[in-house]
Structure formats: structure tokens, C-alpha cells
Amino acid sequence: PKLLEEFQARIDRDEKIEPKDWMPMAYRKTLIRQIGQHAHSEVVGQLPEGNWITRAPTLERKAILLAKVQDEAGHGLYLYSAAETLGVSRDELVELLHEGKMKYSSIFNYPTLNWADIGAVGWLVDGAAIVNQVALQRTSYGPYSRAMIRICKEESFHARQGYHAIMQMAFGTPAQKAMAQDAVNRLWFPAIMMFGPSDSESVHSEQSMTWKIKVRSNDDLRQQFVDQTIPQIEYLGLDLPDPGIKWNEERGHYDYSDPDWSEFFNVIKGKGPCNVDRLNDRTNAWEDGAWVRDGLLAHGNKKAAARTAAE
Amino acid sequence: PKLLEEFQARIDRDEKIEPKDWMPMAYRKTLIRQIGQHAHSEVVGQLPEGNWITRAPTLERKAILLAKVQDEAGHGLYLYSAAETLGVSRDELVELLHEGKMKYSSIFNYPTLNWADIGAVGWLVDGAAIVNQVALQRTSYGPYSRAMIRICKEESFHARQGYHAIMQMAFGTPAQKAMAQDAVNRLWFPAIMMFGPSDSESVHSEQSMTWKIKVRSNDDLRQQFVDQTIPQIEYLGLDLPDPGIKWNEERGHYDYSDPDWSEFFNVIKGKGPCNVDRLNDRTNAWEDGAWVRDGLLAHGNKKAAARTAAE
Amino acid sequence: MADNALFQFLLRMGDNSLILGHRVSEWCGHSPVLEEDIALANTALDLIGQTQFWLGLAGEVEGKGRTADDLAFLRDAWDYRNVLLCELPNGDFGRTLMRQFLYDAWSSVMLGRLMTSSNERVAEIAAKASKEVAYHVERSGDTVVGLGDGTEESHARMQAALDHLWPYVGEMFDSDEVDAAMVKAGIAPDPASLREEYDALVSKVLSQATLTIPTDTFHHKGGRTGYMHTEHLGHLLCSMQWLQRAYPGATW
Amino acid sequence: MADNALFQFLLRMGDNSLILGHRVSEWCGHSPVLEEDIALANTALDLIGQTQFWLGLAGEVEGKGRTADDLAFLRDAWDYRNVLLCELPNGDFGRTLMRQFLYDAWSSVMLGRLMTSSNERVAEIAAKASKEVAYHVERSGDTVVGLGDGTEESHARMQAALDHLWPYVGEMFDSDEVDAAMVKAGIAPDPASLREEYDALVSKVLSQATLTIPTDTFHHKGGRTGYMHTEHLGHLLCSMQWLQRAYPGATW
């Protein structure tokens, strides 16, 4: 209890908790879950964008997309490393993912169906992620906070690129504009669901806020995202994807319709449009690659043994 | 020797040899090899055309191509059945194919690279096959002869359809005409190689002629094919694929250049452009399908056992 | 609206057979045994033939001069109206045959109803197609039974195929305003009304196949409205439409 | 002729990197370990970057106003000039890395020579690309060694990959009148003249990898002349060119 009080006091003073510091088991577990899910999201997040890499319409767009996906894999690495400071290995986390015991962001269970989706993913999905991640730069766990700072820089770049890509579509031919509209229509609600259920329904929120694992509430972050995104949609000349959207003078914010949370919970339960494909892709990649990991490990061991023998 | 004399006498009288008749071992073996290769050719021959089924440019072309490939699989069935009358099972023959111990027509080791190839395969490849098969309708082995009669009818239909398809290309847009020309250029020599090496170099010919397993010589058949095909190429308005082609008034036939037989023997040895892919496709299909064959067999046995028990 | 609803209905029928026919045609030369190569080519051929009728009529009803080929080769993914089931990748032979059976069963029930359509053309196409589909469903059903009640491995694979595909079955029975308009005009039944007959047929065959129908009633959707296809459809179209896209205006 | 030869030469360089880059990009999100996802994306990215330079220059030399994108997305298979090695399907990870190494080794030798090209633009591109390729060949070489000299299974797979790919290596050293024109103009070396340096590099790495180079000297060809690509290239183009073909004239 004394330790716990001290711990909370440090958090309240906005000191960072570092790997070697004492921390409550539940704090550690919550962080592992949250950072692990975040890492998995980066990895699984390669797939919907990868779906269009082979169809990117110009060499430059292909290069931009490759660079983005490469960054995401890199973010996965930072985050697994951050999780490892909490005493869980990357392989353990990956195994939990493959067994369905850990999640990744539900947004990646939606398909990318036209080229504008790639712009929309950068703009809306990375955009939503950034709103969340900017807040998490102030999270209490040092390695996580530092990973967020690093990741945010790259993500903002992605979001800008995504917006430029969809702008090209929205201001392009009628067919391109239709694709942009279709993308916004399909991805709007999934994007605003990325902040999680309403504060009133969110399971882990309160304790996480106290520990500053979460820094701002789901609804608060969602509102910020909505407020920053609506003017962008309008600038693109696209129809708003939700008839419930309108400026609320009194609140100084946009009102918007509540997404269909039953869909959200269905997706969480594995019934999204792409859950099966995404998890199959990942587990197949992992299983098909076992011989590669084993081979490289065996080679490393041989070399180490040879060095030892030579000494 | 008496049996052998009688056997040869029957053949000389143009009587058909039937499965239950006595026949020399070498006759049987030669027939198994020839009919087996012919059957394998029908089966492997599905692949180069199958390569374009998913890209057929109209619904009608897709339907025509599907029907053709279906016919070819059917020809494979007749021919395996004809071979089975000689005491070898289809599975044994398939195994020999997969082990590389039996061949199929080398023509199928060339790729189909543009849509006009599909027309050209029907016109040139089936066309060449028919020249050979019409002759084989008079072959001495009854079941083989009857299979040839049946197959020839369908093949002539395919050849006509192929010619119409390439005609559409040759008389189409400049790009289509270029595809047709490219197809003829690439497939001409492989097609005339289908009749096998020159009579002077052909290993099995003499005995096969005596036994009427072969009925006309390779060069003879090849000349017939060349003579019937050149006017068709000219009608299409395409350039002749061989500068050596010209009408020889004296012979009453077209002269033509000898194909590059070293290429032919390379392809036979497994070094054609598609040998590896074709054989992989077939062996993978066979291996991946093992559980299906086993499953259906097991079910058949259960049903048979149930019937027996009920009796 | 009535004509547009009919157009949509015809697209649904035609796109189902087009896309499933295309998938089946991918097997060409690669099936487990020669008889299956023949059977699959034959199934694909029938489905492409049905497509020509449905999409041909759709083009006429639309009245903009589009042919069946224009509709097949010049629409992008979101304009397709096939149920998701038809566009799913083939998987192994068991999954392909299970998908075929689950579709054939629906198709046989649907076509049976359409034979009495108030629209003569629809009734004619249904009459012709229903003979083919009667054969298809018998054949795919027999194969599902043979493999379901075969070896331990074949049983497991068929159960896995059923589990994988079952969440896509429900979409075939969804109804919307297009269907309501068809019912009102006496052209086509409410898809929901086919379910009982379908379940009876499917349960019988699957029980002979010793397979267990999943109990979860959740189903995926988005194909027949075009709202959200799977990612697989776009890839399929890349091949299917290649020549028409690369060489516009050519005659083949 | 000189300009057309230069155009052909530039297409060969650009198409190699375009098609191989495309193949590598197919791995996205599916490799054996996260570090490899990053490395493969990086390799693909570099190759696409090189493509932009080579095809951009090709378009300028051709002088018909075609951009790198026009050349990449609006030619059909027979107009591609990449060696067959680059278009072969990925196969397993071992085959992909073996193909990469066999190509990187050639590329590193070739680019080294091109750095002293009489054509300044060529020399510039080569200088830039050669830094990237020096890293690629080190990396792919290390992986080939690690897997060749790893477990029994990884060794067997790498030997199978080498056996499969070796008949496609020879094409990189074929010479024709285009090359003769390049040599004459001092723009590029005769590919045949790269073989010794290549063999030294490749033998060294493959021997560290405990792998045996096949002795058969036969090689496939037809890619760099465009006479006969493999069937695989056409399928690759269906995806790669889809959007440009389906929506001609759009800006992306």
C-alpha cells in the first residue's frame, strides 16, 4: 500500500514510470494489453493497405504506400520493444494474437475496396490514431510515451499524405470523386468507433485514467477528431457521411450520430468483414515463416559456437 | 513366330486388333506409350488454355474456351480408357507422367502470352493434332482407332473455332492484329515440331509403321499441315512466320525452313519455357487432391458395405 | 422505380452466376481428378450461359444500350450485385464444392419460383437454367455427402468449409425495397420466403454428409446491395476485365 | 538506331527494377518476421525509386512525351524488357531471397560499371542506385548464407530455390545488337563482360551458404528482348495496371 501510494503520487506529479521501477501488477498487465494491441494493430494494419500496393496507380503512389507500410511495421517493432520492457516477449504477444486472445484495432477488419480507401485510411484512420496517440505522449509509462512521440511524427506525415491522396480523388474525375465519397461513407463510422465505446460503457477506462495509461476520455477524443475532420470533408466537396452531423453553436462542437455499437461489438467478437482473412494472413505468414526463423537462428548459433571455439 | 506372322497378316489386311487378341509385347508397349502420351497431352493441354479462361474478353469467348477445355479433359478420359484396355491403369500412367517417365506433347511447354494465342492454339495446335489424328483413325488397334474417330470430330470443331477467333484478331484493331502476328510467329515452329523429328531421325518410326500404330510418316504429315496452313495465314493478312516458306511448283508443295531441332530436344529434356510450371501444376493438383480421391473412395466403400449388410 | 428495381434484380441474378462461374473456372486443369475437371468446367459453362441471359435482359431493361458483355466487363466492384458467397476465393476443393452446393441449393429453389414469374422473359430464363441447376445441385450435393462422409480428413475439411461459408449463406435471404418491388410486380419471390425450402434441402444433404450446421445466425452482407463487397472481388475483376479495359472498343 | 538502342537499354534497366520491385512488394505484411517485412518493403521501395529514374530517362530519350508512369502502366507484356528472373513468382521466402540475391549481385556489378558511363544521366542514376544496391546485395547475401547454412530444412529449401532459379541467371549476361550499340557509345558494358565478376561474387556467397551451383549451363531467355516472357508477367500486369487501364486519363 505504501508502494502503491508512492507510485500514484509519482504519476500525479507527472513523473514517468520506467521499466525498473516498481509498479502494480494490474498497471503492468493493463499496459501490456494496451501496448500489445497497439503493436498488433500496426502489424495487421499493413494488410488493408498492402491490399492495394500491387494496384497503386502510379510509381510515386506505390512508393509512398510502400514507405508508409514500412513505417507501420517499424512502429510495430518500437511498440513490441516497449512491451518487452514490461517482461513479455514479442513471440508471446504474437502467439496471443494468433490464438485470438489479444486484439488489434477493429478498423483493420474493414476492407479497402477502392483506391480512395488508401487515402481515407491515411487521413481518417491514421488521423484518428494520431488524436489518440498525441494524448498518449503524456502517458505515465516512459517507454510507451517515448514510442508515442516517435510514432506521432511519422503518423502525422502519413495523415497528410492520405489527405493529399484523397484530395486528388475528390478533385479528380467524376469516377474518382465517387470513389472518394464511397470511401468516406464506408470508413466514417468505423473511424469514429476507433476511440472505443462511450465513456459510460468503457470497461477499463477509470483505472486507466487514474494511472494515466489513458490520458483523455474516449468521447473527448472522438469529439476532437470529429471537429477536425468535418471541415476537411467539406473542403473536399464531399457529402457528409452522417445526416446527424451539424454544428452545435452552444457546445462549440459538431454533433454527430452515435455509430452502431452492436456492429462494433460484432467486429470485436470476430464477425467483422475481414477478421477471418486478416488473422489467417497473419497466422499463415507466421507458420509458413517458421523454417526461416529456425534457419536463421540455427545459423546464428553455429556462428556463435564457431567464435567460442576459436577463442 | 506363327502368332506373330498371323498378327502381321491381320494388320496387313487392315483388320483391327482388339483388346483380347494376342499381340506382341512390343506392340502393346509401344501403344501404351503412344496412347498414354496422347492422353497426358490432352490433360496438360488444359493448362495453357486455362491460363486465359479467367481473362477471356467476352462471355461468349469464355464459354467457348470452357467448352473446349472440357472437351479436352474428355478426350483424356477416352484415351486413358483406350490405354486401360492394354492392361495399364490410369493411375499408373499418371504416376509415370508425374515422375517424368512419360511425356506429353512438347507444344504445351510453350506459354500462351496474349489472347490471340488462344485462337492460334485452336487453329495451329489442334490443327496439327488433327492432321495426325485423322491418319490415326486408320491405326491398327481398335480402341485407339475408335477414340481417334470420336476425338477428331470435336477437334475439327475446335480448330474452326480457333481460326475464327484469330480471324477476329487479325481483322481487328492494329493492336489485335499485332497480337495475332505475335502468336503466329511464336507458335509456328513449335506447331510444326509437333509431328516429331524428320523421318530420318525418328527413333520409333519404322516398326510403328509396319504395325500401323503410325500410319503416315512425320515429314509427310508435317508437309500436309504446312500446305493447308500457309493459305490460311495469307488469308488472315499476316506475315509468314518463316522466311523460308515458298511455293515449290515442282513438288507441288510449300517449302519451309527446318525448325531448330536442338530446341525441340531441349524441350523434351525438360528445358522448355513452361515444363517446370506445367508439371508442377499437375503434380500439385494430384497431391492436393489426394484427400478428395481418398474421401470419395472411402464413402463408396461404406455405401457398398452398407448394401452388402442389408442383403 | 419498377424498371430500376427489375434492373437491380437482374443484375443480382446475373452477377451471382457470373462471379461464381468465374471462380469455378479458375479450377481449370487443377482439380483432384479428371472427372472433376470436366464437371467443374461444365458447371462454369452453365453459369456463364445463365449470365448471358440475365445480364442480357438486364441491359435491355436498363435501356441504355449496354450489352451483357458491357455489364460484365465494364463495371467496377461496387456496381456488382452478387452475394458475397459467390466471390469468396476457392480455397481447397472441399470449400469450392461446399460453396457450390450452398449456392446451387438456393439457386434451385429460386429458379423454381421464378418459373412462374409474371415476367415472361424471366420465366423463360428460369425454366432453362433450372434444368441445369437441378443437375448441379444433385452433383454438388453428392460430392458434399461423399466427402463429408468419407475419411476423417475429408470430413474435417468439409466441416471446416461449412463453418467458413455458413456466415455467407444468410445474405441470399435478405430482402430490401428491390425485392419488395419484385414481389409486388409478381416478378420474383421475397428471398426470405425461400428459406424454409432451402433449409429443408440443405439440412437433409448436410446430415447425410454427417456435417453439423453452425448454430450462430450472424451473417455477412453487402454484396447484393453493392455496399461492401469483400476485398477479393476487386482482384478477380483485375483478371476478368483485363482485355476489355486494356483494349477498349475492340471486338473479340 | 543509337537512340532507340539507348531507349531499349533504359527499358531493360527500368523494367527489371519495376517488375522485381512489384514482386517484392507482394510480400507486404506476409513475411516470416517483422524485420523482414520492413526489409522487403525497403527493397521494393528502392527498386521502384530506381524505376522512376530509368523509365523517366527512357521516356525522355524516346522523345514521344511518355512519362515513367506511361511506360510502367500502359505497355502490355510483350513490350516489357525485364529478364525473366525478375517476373518469376515469389515462391516461398527462400526463393524470393535467392532471386533477390542473384539479381542484386548482377545489379551491383552492372551499376558499378555504369557509374563510368559516357552518358552523364546514366552515370548519375547508377551512382545513386548503386549505394542502395550495395546494401541490398549485402543483406540478401547474408540471408542466403543464413538460410543455406541454417537447418536441414532451410538448406534444402535454399538449394531447391537455387536449382529452380539458376536457369534464369544466364539471361542477364546475354548480348545483342542493343548491347553492342551501348558498348560502342561507351554507355554501358557488354553484359557478357560482367560474368566473371558476378561468378566470383555469387560463388563466394553460395559457398558460404553451403549451396551447390548447378552445373548445367542451359538458360531460359526471351525477357530482355520481349520475344517470350513467362505466363506470369501477364497476370502481374493485370493487377499492376488495373487503375490506369480502368480509368484512363485520370490523375492520381
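The values are calculated or read from the model by the stated rules, or taken from the named source; none is laboratory data. Treat the numbers as computed from the prediction; the structure is a model and nothing was measured. Cβ: placed from backbone, ideal geometry, glycine included. Neighbour counts: every protein chain shown. Please note that ligands, DNA and RNA were not included when accessible areas were found on the heavy atoms of the full protein model with its side chains. Shrake-Rupley method; radii C 1.70, N 1.55, O 1.52, S 1.80 Å.
For the structure I just gave you, tell me whether B:Asp288 is among the acidic types (Asp, Glu), closer than 28 Å to D:His164 by Cβ and touching a residue at least 24 places away in the same chain (Cβ under 8 Å).
Criteria not met by B:Asp288.
Which count do you get for residues in the range B:71-95 that are open to solvent by less than 10 Å² (accessible area, probe 1.4 Å) and small (Gly, Ala, Ser)?
4
Determine if the range D:171-189 includes at least one residue that is within 14 Å of another protein chain (Cβ to nearest Cβ) and surrounded by fewer than 19 Cβ atoms within 10 Å (Cβ to Cβ).
no
Inside the range D:12-30, can you point out the residues that are at the interface with chain A (Cβ under 7 Å from one of its Cβ atoms) and either surrounded by fewer than 24 Cβ atoms within 10 Å (Cβ to Cβ) or in a helix (DSSP H, G or I) (or both)?
Selection gives D:His22, D:Ser25, D:Glu26, D:His30.
Look through the range A:255-275, keep the residues that are small (Gly, Ala, Ser) and over 19 Å from the mean Cα position of the chain (by Cα), and return whichever of them is nearest to the other protein chains (Cβ to nearest Cβ). I'd like the intermediate steps shown before the answer.
First, the residues of the range A:255-275 that are small (Gly, Ala, Ser): A:257, A:262, A:270, A:272.
Narrowing further to those that are over 19 Å from the mean Cα position of the chain (by Cα): A:257, A:262.
Numbers: A:Ser257: 17, A:Ser262: 11 Å.
My answer is A:Ser262.
For a quick check of your reading: which helices (runs of 4 or more DSSP H) sit entirely within the range A:1-88 and have at least 1 residues that are hydroxyl-bearing (Ser, Thr, Tyr) and closer than 26 Å to A:Lys214 by Cβ?
The qualifying helices (runs of 4 or more DSSP H) are A:25-44, A:59-84.
Scan the range A:183-207 residue by residue and report those that are away from chain C (no Cβ under 14 Å), in contact (Cβ under 8 Å) with a residue 12 or more places away in the chain and small (Gly, Ala, Ser).
Scanning the range A:183-207 gives A:Ala191, A:Gly196, A:Ser198, A:Ser202, A:Ser205.
Since A:Lys246 meets every condition but one in (1) at negative phi; (2) at pLDDT below 95, which condition does it not meet?
(2)
Going through D:Gly56, D:Gly49 one at a time, which residue ends up being over 23 Å from A:Val69 (Cβ atoms) and either more than 11 Å from chain A (Cβ to nearest Cβ) or not aliphatic (A, V, I, L, M) (or both)? Walk me through it before giving the result.
Numbers: D:Gly49 fails: over 23 Å from A:Val69 (Cβ atoms).
None of the other options fit; the residue is D:Gly56.
Looking at this structure, is B:Gly100 touching a Lys or Arg at 6+ places or on another chain (Cβ under 8 Å), more than 13 Å from chain C (Cβ to nearest Cβ) and either without any contact (Cβ under 8 Å) to a residue 24 or more places away in the chain or of a type outside the set (Ser, Thr, Tyr) (or both)? Show your work before the answer.
Values: touching a Lys or Arg at 6+ places or on another chain (Cβ under 8 Å): no; more than 13 Å from chain C (Cβ to nearest Cβ): yes; either without any contact (Cβ under 8 Å) to a residue 24 or more places away in the chain or of a type outside the set (Ser, Thr, Tyr) (or both): yes.
The answer is no for B:Gly100.
Output the number of residues of the range D:130-156 satisfying the condition of being touching a Gly at 6+ places or on another chain (Cβ under 8 Å) and either without any contact (Cβ under 8 Å) to a residue 40 or more places away in the chain or buried (at least 23 other Cβ atoms within 10 Å of the Cβ) (or both).
The total comes to 7.
Residue pairs, Cβ under 7 Å, 6 or more apart or interchain, first in the range C:169-192 and under 11 Å from C:Leu6 (Cα atoms), second open to solvent by 30 Å² or more (accessible area, probe 1.4 Å) and part of a helix (DSSP H, G or I). List them.
Close Cβ pairs (under 7 Å, with a partner that is open to solvent by 30 Å² or more (accessible area, probe 1.4 Å) and part of a helix (DSSP H, G or I)) amount to C:Val178/C:Gln8; C:Ala181/C:Ala2; C:Ala185/C:Ala2.
Taking the range A:135-170 on its own, how many of its residues are open to solvent by 60 Å² or more (accessible area, probe 1.4 Å) and aliphatic (A, V, I, L, M)?
1
Are any of the residues in the range A:221-239 within 14 Å of chain D (Cβ to nearest Cβ) and part of a helix (DSSP H, G or I)?
no
Matching residues to (1) among the acidic types (Asp, Glu); (2) over 25 Å from B:Ala305 (Cβ atoms):
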site: C:Ser130; (1), (2): no, yes
site: C:Gly148; (1), (2): no, no
site: C:His164; (1), (2): no, yes
site: C:Val169; (1), (2): no, yes
site: C:Phe173; (1), (2): no, yes
site: C:Glu177; (1), (2): yes, yes
site: C:Ala180; (1), (2): no, yes
site: C:Lys184; (1), (2): no, yes
site: C:Glu196; (1), (2): yes, yes
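Among (1) part of a helix (DSSP H, G or I); (2) within 14 Å of chain A (Cβ to nearest Cβ), which single condition is D:Gly249 missing?
The one condition D:Gly249 does not meet is (1).
Say whether the condition of being closer than 18 Å to D:Val137 by Cα, within 11 Å of chain A (Cβ to nearest Cβ) and in contact with a Leu (Cβ under 9 Å, 6 or more places away or on another chain) is met by at least one residue in the range D:67-78.
Looking for residues that are closer than 18 Å to D:Val137 by Cα, within 11 Å of chain A (Cβ to nearest Cβ) and in contact with a Leu (Cβ under 9 Å, 6 or more places away or on another chain), one finds none in the range D:67-78, hence no.
Condition first: outside any helix (DSSP H, G or I), out of contact with any Cys (no Cβ under 8 Å at 6 or more places or on another chain), open to solvent by 20 Å² or more (accessible area, probe 1.4 Å) and farther than 14 Å from C:Leu102 by Cβ. Can you find one or more residues in the range C:157-170 that meet it?
For the range C:157-170, residues outside any helix (DSSP H, G or I), out of contact with any Cys (no Cβ under 8 Å at 6 or more places or on another chain), open to solvent by 20 Å² or more (accessible area, probe 1.4 Å) and farther than 14 Å from C:Leu102 by Cβ: absent.
Would you confirm whether any residue within the range D:47-66 is on the phi < 0 side of the Ramachandran plot, among the hydroxyl-bearing types (Ser, Thr, Tyr) and open to solvent by 10 Å² or more (accessible area, probe 1.4 Å)?
Within the range D:47-66, none of the residues are on the phi < 0 side of the Ramachandran plot, among the hydroxyl-bearing types (Ser, Thr, Tyr) and open to solvent by 10 Å² or more (accessible area, probe 1.4 Å).
Residue by residue through the range D:59-113, note down the ones that are touching a Gly at 6+ places or on another chain (Cβ under 7 Å), of a type outside the set (Asp, Glu) and under 27 Å from C:Leu243 (Cα atoms).
Of everything in the range D:59-113, those that are touching a Gly at 6+ places or on another chain (Cβ under 7 Å), of a type outside the set (Asp, Glu) and under 27 Å from C:Leu243 (Cα atoms) turn out to be D:Arg66, D:Thr67, D:Ala68, D:Leu71, D:Ala77, D:Trp78, D:Tyr80, D:Arg81, D:Asn82, D:Val83, D:Leu84.
Any idea which residue in the range A:7-42 is surrounded by the most Cβ atoms within 10 Å (Cβ to Cβ), counting only those that are more than 26 Å from A:Phe108 (Cβ to Cβ) and aliphatic (A, V, I, L, M)?
Only one residue fits best here, namely A:Ile17.
All but one of (1) modelled with pLDDT of 95 or more; (2) within 14 Å of chain A (Cβ to nearest Cβ) hold for D:Ser207, so report the exception by its number.
Going through the list (1) modelled with pLDDT of 95 or more; (2) within 14 Å of chain A (Cβ to nearest Cβ), D:Ser207 breaks only (2).
For the range B:52-70, which positions are open to solvent by 20 Å² or more (accessible area, probe 1.4 Å) and either within 19 Å of the chain's Cα centre (by Cα) or more than 7 Å from chain C (Cβ to nearest Cβ) (or both)?
Correct list: B:Glu60, B:Ile64, B:Ala67, B:Gln70.
Do we find a residue being open to solvent by 30 Å² or more (accessible area, probe 1.4 Å) and part of a strand (DSSP E or B) anywhere in the range B:258-275?
Within the range B:258-275, none of the residues are open to solvent by 30 Å² or more (accessible area, probe 1.4 Å) and part of a strand (DSSP E or B).
Taking the condition of being more than 9 Å from every other protein chain (Cβ to nearest Cβ) and either basic (Lys, Arg) or open to solvent by less than 60 Å² (accessible area, probe 1.4 Å) (or both), how many residues in the range A:276-302 meet it?
Adding up the residues that qualify gives 3.
Take the residues in the range D:204-244 that are in a loop (DSSP other than H, G, I, E, B) and of a type in the set (A, V, I, L, M, F, W, C); name whichever of them is surrounded by the fewest Cβ atoms within 10 Å (Cβ to Cβ).
From the range D:204-244, those in a loop (DSSP other than H, G, I, E, B) are D:209-230, D:241; that's our starting set.
Among the residues that remain, those that are also of a type in the set (A, V, I, L, M, F, W, C) are: D:209, D:211, D:213, D:218, D:228.
On the way: D:Ala209: 26, D:Leu211: 20, D:Ile213: 14, D:Phe218: 12, D:Met228: 17.
For the range D:204-244, the residue satisfying everything is D:Phe218.
Quick grid of which residues meet (1) at pLDDT below 95; (2) of a type outside the set (Asp, Glu); (3) in contact with a helix residue (DSSP H, G or I) (Cβ under 6 Å, 6 or more places away or on another chain):
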{"position": "A:Ala82", "(1), (2), (3)": "no, yes, yes"}
{"position": "A:Ser89", "(1), (2), (3)": "no, yes, no"}
{"position": "A:Glu92", "(1), (2), (3)": "no, no, no"}
{"position": "A:Ile107", "(1), (2), (3)": "no, yes, yes"}
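Filter the range B:171-180 for residues that are of a type in the set (A, V, I, L, M) and open to solvent by 10 Å² or more (accessible area, probe 1.4 Å); which is farthest from the other protein chains (Cβ to nearest Cβ)?
Going through the qualifying residues, I end up with B:Ala178.
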